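Scroll down for the structure; my scribbles are underneath it.
The values are calculated or read from the model by the stated rules, or taken from the named source; none is laboratory data. Every value quoted in this text rests on a predicted model; they were computed, and no experiment measured them. Note that each Cβ is placed from the backbone with ideal geometry, even for glycine, and that neighbours are counted across all protein chains shown.
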Amino acid sequence: MAKGFTETLDNGIHRITSGSVSPGYNLKTENWNWYYAVGGYSAWGKGTAEVYGDCYTLEMEYKVFDRYNWDAGKFVKILGQEVTDEFMGTFHKQGLAQEFDMNGSVKKTI
């Protein structure tokens with residue numbers, strides 16, 4: 001989306017930031033580890049675009065956030081067995097697991 005937006009800008013240097021947070025989701029077919037560890041997350045970006053005629057350089061930082069917690073009604077199937085978030089949440093109630101915030105980012109120049 002940032003690349004498409006940059007292509008609409010006039011010549012010059014522009015600092016850009018996402019207008020809103022976008023939902024993202026790691027699919028099992030893409031990467032099992034990210035699917036089971038994170039699943040859904042929120043993402044946004046910011047960066048600098050330098051536009052000169054038909055050419056541009058876009059330096060972006062893609063940021064992600066997720067709250068690792070247990071939500072009612074969610075589940076995952078592992079080896080044919082349905083594992084609910086409520087079941088995993090019992091470990092939290094027993095003091096064997098903890099909720100936490102996950103933050104990350106990656107920088108890329110296009």
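Which one is farthest from the chain's Cα centre (by Cα), of the residues in segment 31-73 that are of a type in the set (Asp, Glu) and over 21 Å from ASN103 (Cβ atoms)?
Looking at residues that are of a type in the set (Asp, Glu) and over 21 Å from ASN103 (Cβ atoms), I get ASP54.
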Within segment 85-104, can one find any residue that is under 22 Å from SER42 (Cα atoms), in contact with a helix residue (DSSP H, G or I) (Cβ under 7 Å, 6 or more places away or on another chain) and free of Cβ contacts under 8 Å to residues at least 40 places away in the same chain?
yes
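Every residue in segment 81-99 that is exposed (fewer than 10 other Cβ atoms within 10 Å of the Cβ) and in a strand (DSSP E or B), please.
GLN81, GLU82
For the structure I just gave you, tell me whether TYR68 is more than 21 Å from MET1 (Cβ to Cβ) and hydroxyl-bearing (Ser, Thr, Tyr).
Yes: the conditions hold for TYR68.
Could you identify the single residue in VAL64, VAL51, VAL83, VAL76 that is of a type in the set (A, V, I, L, M), at pLDDT 95 or above and farther than 14 Å from GLY12 by Cα?
From the options VAL64, VAL51, VAL83, VAL76, the qualifying one is VAL64.
Would you pick out the residues in segment 72-109 that are of a type in the set (D, E, K, R) and under 30 Å from GLU61 (Cβ atoms)? Lay out the reasoning, then the answer.
Of all residues in segment 72-109, those of a type in the set (D, E, K, R) come to 74, 77, 82, 85-86, 93, 99, 101, 107-108.
Result: LYS74, GLU99, ASP101, LYS107, LYS108.
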Among the residues of segment 31-48, which ones are closer than 30 Å to ASN11 by Cα and out of contact with any helix residue (DSSP H, G or I) (no Cβ under 8 Å at 6 or more places or on another chain)?
ALA43, TRP44, LYS46, THR48
Checked against (1) among the charged types (D, E, K, R); (2) modelled with pLDDT under 95; (3) within 22 Å of the chain's Cα centre (by Cα), GLU7 satisfies every condition except (3)
Would you tally the residues in segment 18-41 being closer than 15 Å to LYS63 by Cβ and loosely packed, with under 10 Cβ neighbours inside 10 Å?
3
